[in-house]
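Encoded as structure tokens, the structure appears first; notes follow it.
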Amino acid sequence: MDMSDIASRLFTKFGGGSRPDLRRALYEELEEMVYNGGTNAERIYQVIASVAADAIGKDKPGNYFAHVVKMRLKECKLLQMAEL
């Protein structure tokens, strides 16, 4: 498993769920968004961190994170849904 810092931390925290390949791809894409986000990198990272914190204590935190992070990034106009 070759993932960098953000993706590997997310995988450690939330696991792979029922489709580890898709979950891993999501984590890697989020990491890439932060590293290639330019002026939006900090905002993207803050959204990811906020959703990760919100997911703790949920019934299925990995599923919650995977769904909500995409929606929050879209709401903040930091993501086009076709990107993920």
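Numbers for the structure displayed
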quantity: Isotropically averaged projected area of the chain, using the convex hull of Cα atoms (one quarter of hull area), nm²; calculated: 5.2
quantity: Sites residue 49 and residue 18, calculated FRET efficiency, Cβ-Cβ separation with R0 30 Å, nearest 0.05; calculated: 0.75
quantity: Segment residue 35-residue 56, extension gain: residue separation times 0.36 nm, minus the distance between their alpha carbons; calculated: 5.1 nm
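Read the figures in this text as sums done on the coordinates, not as results from a lab. Just so you know, these numbers come straight off a predicted model, no measurement behind them. We place every Cβ from the backbone using ideal geometry, glycine too, and count neighbours over all the protein chains shown.
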